[in-house]
Amino acid sequence: MSRERTRRTLGAVPFIALAALGNALLYHAPLLSFAVANLDLTSFTGLLTLASLLVALLASTALPLLVLALVSQRLLKPFCMIAAAGNAVAVYFIVTYQVVLDKTMMGNVRNTNAAEAFELFHPTLLAYVVVLGVVPIALLTRVRLRPAPRLRLAGLGVAGALVTILWAYLAGSTWLWFDHNAKKLGGMVLPWSYMVNLARYQLPRLIGGDAPIPLPPATFLSDERIVVVLVIGEAARPQNFQLYGYPRPTNPALTAAGVIALQDTTACSTYTTASIRCMLSHLDSRSEFSKRYEPLPTYLQRHGVDVIWRSHNWGEPPLHVQTYQKAGELAADCRGAGCEHDDVLLHGLEQRIRASSSSRSFVVLHQMGSHGPAYFSRYPPEFERFRPVCTSVELGQCAHDALVNAYDNTILYTDHFLARTIDLLRRFEDRATLLIYMSDHGESLGEYGLYLHGTPWSIAPDVQKKVPFIVWMSEAFMRLRGVDAERVRAQPVHGQRDIFHTVLGALRMRSEVYRAEFDVFSPDYARTP
């Protein structure tokens, strides 16, 4: 039988109807499961709400496809094929990690590099792609479209829109439920959740290419030699730090080092790029203006501070600094198991600081830290103290204790890394030295069925919002700033915006943008619960 005879001819209208129905049934099981779990289906209102959700799903596919057909009916099949491939991948991540594909999550996707993407691969993903992607695409290739008159398509589009509006009006009693769950529902409607939100994330970056606005001139209050190290953690949550009352010994080295664990610190977001921008900005990162100004490292470099940025991660804003080094570069002449992990960030650092001609050095070490889902790969073998560990990237398939064990081992390794950094700073006896550690965001380990991070702020649990904030000060630094350690320890609440102003204060730098009420070492620090 010839290939031509095996193809099925469909009119554009039946094709659109079948595509809408197939999209609703194949790719929206997570959405429908959420609705069933959160509705009282023994009541009329519950049944009406479920029916309204189905109407909305069908209309959200059929009406855009009708509009696309008015542009060109030849676009229908290619669009549906692309949507099938994207939907297959999206459903896997929604089911496996309970992600919500909003603008925030699509920003995470956009900033994911190849190495991180590879870590997320599991054979189950391939099964999803084959069953929900390849098979529907193969079926679509066998369909031959018979064009429909544009006037008929336009009439059906108008009629469909009017019916949808009328249904929404008559089902007004369901609006409250939809409004209450809008964020969750919107992030699971495929393919629009990822298509629209990726466009929402990317468009401002395509049209807003202006150079950052320089911050105002600054002066220094003294000429002391100062070294400030900022360690940006990854996906660390204070709930798993011994320093914050966790019963497991995850921070033995930091406990012995005499650090101060600052209380109740809230991140600016649940994903890396926004949180780092917040730490490095003098404004609240939720303000659009925060994105327009130069970040802290560029500001410091412009005023003669020797800025060294070393990264085993990604997601920082554009920087103009003296030294920017990725872990791969540092590992080239590094030897030992730690060179494959965060320890590589310390390789040659002491010599680099001592070689500086500036009296002030600002070092940023951006960790891989506790980046999931492959927690088991984030530390050398000798730090696998808590066993057994989860060795799968499908976290929902692991025993909860094994998942927590793997995660706690990452915190234990971070404890070692920070203690090594403190030991390095202790060797600078001729300078005032300071270590600041703060994570970019927290992490979900199965609470409320959620894993990883990036959940929209309005529905994210506290384990994704709260972060550890730890400082260590040399005696010389405490004398220079007149720091009362007990007063710092007693401060009740903190945020990521504190970093910018605390670093300026630590370097004895003053300008119009410095605010003492956000400097944790200032007696004027004034955050309140």
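The values are calculated or read from the model by the stated rules, or taken from the named source; none is laboratory data. Since this is a predicted model, take the numbers as computed values, not measurements. Cβ atoms come from the backbone with ideal geometry, glycine included; neighbour counts cover every protein chain shown. Just the protein is used for accessible areas: all its heavy atoms, side chains included, with ligands, DNA and RNA removed. Shrake-Rupley method; radii C 1.70, N 1.55, O 1.52, S 1.80 Å.
Tell me which residues, restricted to the range 493-529, are of a type outside the set (A, V, I, L, M), more than 26 Å from the chain's Cα centre (by Cα) and over 23 Å from THR421 (Cα atoms).
Across the range 493-529, the qualifying residues are ARG510, SER511, GLU512, TYR514, ARG515, GLU517, SER522, PRO523, ASP524, TYR525, THR528.
Only residues that are under 20 Å from TYR92 (Cα atoms) and either open to solvent by 40 Å² or more (accessible area, probe 1.4 Å) or out of contact with any strand residue (DSSP E or B) (no Cβ under 8 Å at 6 or more places or on another chain) (or both): list them for the range 382-398, please. If you could, list the steps in order and put the result at the bottom.
Our first condition is that a residue be under 20 Å from TYR92 (Cα atoms); within the range 382-398, this holds for 390-398.
The answer is CYS390, THR391, SER392, VAL393, GLU394, GLY396, GLN397, CYS398.
Looking at LEU198, LEU190, which one is within 18 Å of LEU66 (Cα to Cα) and in contact with a helix residue (DSSP H, G or I) (Cβ under 8 Å, 6 or more places away or on another chain)?
Numbers: LEU198 fails: within 18 Å of LEU66 (Cα to Cα).
LEU190 is the lone residue from the list that is within 18 Å of LEU66 (Cα to Cα) and in contact with a helix residue (DSSP H, G or I) (Cβ under 8 Å, 6 or more places away or on another chain).
Is there a residue in the range 344-354 that is in contact (Cβ under 8 Å) with a residue 24 or more places away in the chain and in contact with a Gly (Cβ under 9 Å, 6 or more places away or on another chain)?
yes
Tell me, which helices (runs of 4 or more DSSP H) lie completely within the range 86-203 with 1 or more residues that are closer than 26 Å to LEU76 by Cβ and of a type in the set (S, T, N, Q)?
Working: elements: 103-110, 114-119, 123-129, 135-141, 150-170, 175-180, 182-186.
In the range 86-203, the matching helices (runs of 4 or more DSSP H) lie at 135-141, 150-170.
It is to be established whether one or more residues within the range 209-217 are charged (D, E, K, R) and assigned to a helix (DSSP H, G or I).
No, every residue in the range 209-217 fails to be charged (D, E, K, R) and assigned to a helix (DSSP H, G or I).
When residues of the range 510-529 are filtered for being among the aliphatic types (A, V, I, L, M) and crowded, with 21+ Cβ neighbours inside 10 Å, how many remain? Walk me through it before giving the result.
From the range 510-529, those among the aliphatic types (A, V, I, L, M) are 513, 516, 520, 526; that's our starting set.
Imposing the further condition that a residue be crowded, with 21+ Cβ neighbours inside 10 Å reduces the set to 520.
The number of residues fulfilling the criteria is 1.
Among the residues of the range 18-30, which ones are farther than 12 Å from LEU76 by Cβ and either open to solvent by 10 Å² or more (accessible area, probe 1.4 Å) or of a type in the set (A, V, I, L, M) (or both)?
First pass over the range 18-30, keeping only residues farther than 12 Å from LEU76 by Cβ: 21-30.
Of everything in the range 18-30, those that are farther than 12 Å from LEU76 by Cβ and either open to solvent by 10 Å² or more (accessible area, probe 1.4 Å) or of a type in the set (A, V, I, L, M) (or both) turn out to be LEU21, GLY22, ASN23, ALA24, LEU25, LEU26, TYR27, ALA29, PRO30.
Looking at the range 90-114, which of its residues are aliphatic (A, V, I, L, M) and in contact (Cβ under 8 Å) with a residue 24 or more places away in the chain? First the steps, then the outcome.
At the first step, the residues of the range 90-114 found to be aliphatic (A, V, I, L, M) are 90-91, 94-95, 99-101, 105-106, 109, 114.
Listed by number, the residues that qualify are ALA90, VAL91, ILE94, VAL95, VAL99, VAL100, LEU101, MET105, MET106, VAL109.
When the residues of the range 97-109 are filtered to those that are out of contact with any strand residue (DSSP E or B) (no Cβ under 8 Å at 6 or more places or on another chain) and modelled with pLDDT of 80 or more, which remaining residue is surrounded by the most Cβ atoms within 10 Å (Cβ to Cβ)? Break it down into steps so the answer makes sense when it comes.
So in the range 97-109, the residues out of contact with any strand residue (DSSP E or B) (no Cβ under 8 Å at 6 or more places or on another chain) come out as 100-109.
Right, trim to modelled with pLDDT of 80 or more and you get 100-103, 105-106, 109.
Working: VAL100: 22, LEU101: 27, ASP102: 25, LYS103: 16, MET105: 24, MET106: 22, VAL109: 17.
Taking the candidates together, the pick is LEU101.
Quickly run through the range 233-272 and pick out the residues that are at positive phi and touching a Ser or Thr at 6+ places or on another chain (Cβ under 7 Å).
Across the range 233-272, the qualifying residue is only ALA235.
Which members of the range 240-276 meet the condition of being assigned to a loop (DSSP other than H, G, I, E, B), in contact with a Pro (Cβ under 9 Å, 6 or more places away or on another chain) and either open to solvent by less than 40 Å² (accessible area, probe 1.4 Å) or modelled with pLDDT under 95 (or both)?
Within the range 240-276, PHE241, THR270 meet the criteria.
Can you name the condition, by its number, that THR96 falls short on among (1) more than 18 Å from GLY187 (Cα to Cα); (2) in contact with a helix residue (DSSP H, G or I) (Cβ under 9 Å, 6 or more places away or on another chain)?
All conditions are met except number (1).
Name the one entry in VAL135, VAL158, VAL163 that is farther than 16 Å from ILE16 by Cβ and of a type in the set (A, V, I, L, M).
Values: VAL158 fails: farther than 16 Å from ILE16 by Cβ; VAL163 fails: farther than 16 Å from ILE16 by Cβ.
Criteria check complete, one pass: VAL135.
Tell me yes or no: at least one residue of the range 319-328 is surrounded by fewer than 17 Cβ atoms within 10 Å (Cβ to Cβ) and of a type in the set (Val, Ile, Thr).
Within the range 319-328, one or more residues are surrounded by fewer than 17 Cβ atoms within 10 Å (Cβ to Cβ) and of a type in the set (Val, Ile, Thr).
So which residues in the range 142-180 are touching a residue at least 24 places away in the same chain (Cβ under 8 Å), open to solvent by 50 Å² or more (accessible area, probe 1.4 Å) and among the hydroxyl-bearing types (Ser, Thr, Tyr), if there are any at all?
SER173
In this structure, is SER33 open to solvent by less than 20 Å² (accessible area, probe 1.4 Å), among the hydroxyl-bearing types (Ser, Thr, Tyr) and either outside any loop (DSSP other than H, G, I, E, B) or at pLDDT 95 or above (or both)?
Answer is no for this residue.
Conditions tested, residue by residue: (1) in contact with a strand residue (DSSP E or B) (Cβ under 9 Å, 6 or more places away or on another chain); (2) open to solvent by less than 40 Å² (accessible area, probe 1.4 Å); (3) of a type outside the set (Asp, Glu).
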residue	(1), (2), (3)
HIS441	yes, yes, yes
TYR448	no, no, yes
ALA476	yes, yes, yes
VAL488	yes, yes, yes
HIS494	yes, yes, yes
HIS501	no, yes, yes
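When you scan the range 242-251, do you find a residue that is in contact with a Lys or Arg (Cβ under 8 Å, 6 or more places away or on another chain), of a type outside the set (Val, Ile, Thr) and more than 17 Å from PHE362 (Cβ to Cβ), even just one? Show your work before the answer.
Taking the range 242-251 and keeping what is in contact with a Lys or Arg (Cβ under 8 Å, 6 or more places away or on another chain), we get 242.
Pick out the ones that are also of a type outside the set (Val, Ile, Thr) and you get 242.
Filter once more, so that each one left must be more than 17 Å from PHE362 (Cβ to Cβ): 242.
Yes, the conditions are met somewhere in the range 242-251.
Quick one: how many residues across the range 378-424 are within 13 Å of ASP343 (Cα to Cα) and not in a helix (DSSP H, G or I)?
Residues flagged as within 13 Å of ASP343 (Cα to Cα) and not in a helix (DSSP H, G or I) within the range 378-424 amount to 3.
Out of the residues in the range 225-283 that are of a type in the set (Gly, Ala, Ser) and touching a helix residue (DSSP H, G or I) at 6+ places or on another chain (Cβ under 6 Å), state the one that is farthest from ASP102 (Cα to Cα). Spell out the reasoning first.
Pass one, the range 225-283, residues of a type in the set (Gly, Ala, Ser): 233, 235-236, 245, 253, 256-258, 261, 267, 269, 274-275, 281.
In the following step, the residues that additionally are touching a helix residue (DSSP H, G or I) at 6+ places or on another chain (Cβ under 6 Å) were identified as 253, 257, 261, 267, 269, 281.
Numbers: ALA253: 39, ALA257: 42, ALA261: 33, ALA267: 19, SER269: 13, SER281: 24 Å.
This residue is ALA257.
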